[in-house]
Amino acid sequence: MLSALCGSKTVQKILFFLFVNGKCYGTQLHRLLKTPLTPIQKALFRLEKGGVILSDYEGKTRLYQFNPAYPLLEELEQLLKKAYTLLPSQDKKSYSFLKLEKPQGGLHFSDNTGVLLKFWERLSRVKQLKFHARTKSKEEGGWNGRGKGEVVVIRDKEEVLIFHEKGTWQGKSGKEMNFSNVFRWTLDSISAMISLEHLRHGLHQPVFLFHLSPSGRHALSSVDSHLCEGDTYFGKIFCDQQCLRLHWRVIGPKKNEEIDYYYT
């Protein structure tokens with residue numbers, strides 16, 4: 001779609017991937033986007049030389065991201081967002097950062113079950129939440145702000161947990177307001193997945209968000225990005241000793257949001 005402007009499909013793929021995910025490295029793009037490594041390396045060099053992206057090392061890995069000092073960054077992100085929303089759904093899914101490389105050797109089914117049950121047990125004990133939301137496009141007010149609240153967990157069935165969340169939200173202006181959400185988590189041990197739904201319209205009209213499946217011993221990732229009224233949803237949940245962190249990404253014609261939930 002943007003290859004005529006970008007000069008090559010490889011540059012287009014890199015820009016889309018960075019727009020969705022924030023960071024990347026060469027061999028990651030090679031594997032996830034099924035693109036030869038040499039053109040990727042040349043395109044990354046070209047973009048960095050032009051000041052569009054910059055790189056830094058994390059250990060031995062050279063990571064790339066958009067250059068915040070690039071004078072046309074805001075306009076570039078708006079163009080990429082518009083182009084992304086026009087992509088076919090299958091192409092949108094290919095850029096999801098949640099299609100992570102599997103750990104070496106992968107996880108066996110029994111491992112997946114163990115990971116799921118660990119998450120399920122932690123979800124059942126949740127009592128509080130904090131979250132941080134930000135709009136990645138500067139011109140949008142969006143969901144910039146922070147919130148915190150209480151969570152009442154109701155076990156509707158053995159394999160169903162309903163989260164009733166209530167608390168306060170503070171936007172960028174500093175003004176506080178009350179919020180409430182109802183989410184439904186459903187465990188499917190046979191398929192080795194946990195599904196997440198929003199119940200804003202009631203129990204019998206759920207809004208499906210995504211299926212989460214083990215992507216490591218301490219993480220679940222959305223199996224697919226989900227399209228809802230033109231918006232694309234995908235997420236990942238991490239487990240550590242302190243909390244469960246649910247990371248959301250929402251991209252649509254009027255949205256470019258990133259949200260982190262911290263459940264304790």
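Things worth noting here:
- Magnitude of the charge dipole for the chain, about its Cα centre and with charges confined to Cβ atoms of Lys, Arg (+1) and Asp, Glu (-1), is about 500 debye.
- Using a cut-off of 22 Å between Cα atoms, the listed pairs K13/K34; K23/K166; K127/K255; K148/K172; K49/K254; K23/K49 include K23/K166; K127/K255; K49/K254 as exceeding that distance.
- A 1.4 Å probe run over the protein chains yields, for the stretch 142-264, 51 Å² of accessible area per residue, whole-number rounding.
- Applied to the stretch 27-39, the Karplus parametrisation 6.51 cos²θ - 1.76 cosθ + 1.60 on θ = phi - 60° returns per-residue 3J(HN,Hα) values of 5, 5, 4, 4, 7, 6, 9, 6, 10, x, 5, 4, x Hz, with x for Gly and Pro.
- Inter-label distance, nm, simple model (7 Å from Cα along the C-beta direction), K157/S173: 4.4 nm
- Of the solvent-accessible surface of the stretch 1-60, computed with a 1.4 Å probe and all protein chains present, 56% belongs to carbon and sulfur.
- Residue ranges 62-72, 177-187, 206-216 sort as 206-216, 177-187, 62-72 when ordered by packing (mean number of other C-beta atoms within 10 Å per residue, highest first).
- Helical contribution to [θ] at 222 nm, DSSP H n ≥ 4, -39,500 (n - 2.57), averaged over the chain, rounded to 500: -8000 deg cm²/dmol
- Descending semi-axes in whole angstrom, ellipsoid equivalent of the stretch 161-259, from the Cα gyration tensor: 23, 17, 16
- Integer Hz, Karplus 6.51/-1.76/1.60 couplings in order for the stretch 234-244, x for Gly and Pro: 8, x, 8, 10, 10, 10, 9, 5, 8, 6, 9
- Using the Karplus relation 6.51 cos²θ - 1.76 cosθ + 1.60 with θ = phi - 60°, the per-residue 3J(HN,Hα) values for the stretch 6-16 come to 7, x, 6, 5, 5, 4, 4, 4, 5, 5, 4 Hz, with x marking Gly and Pro.
- Distant-in-sequence amide H partners of L212 (H built 1.01 Å from N, under 5 Å): I194, S195, L196, V223
- Accessible surface ranking for S173, S189, S55, 1.4 angstrom probe, highest first: S173, S189, S55.
The values are calculated or read from the model by the stated rules, or taken from the named source; none is laboratory data. All of these numbers come straight from a predicted model, not from anything done at the bench. Note that we place each Cβ from the backbone using ideal geometry, even for glycine, and neighbour counts take in every protein chain shown. Heavy atoms of the whole protein, side chains included, go into the accessibility calculation; ligands, DNA and RNA do not. Shrake-Rupley method; radii C 1.70, N 1.55, O 1.52, S 1.80 Å.
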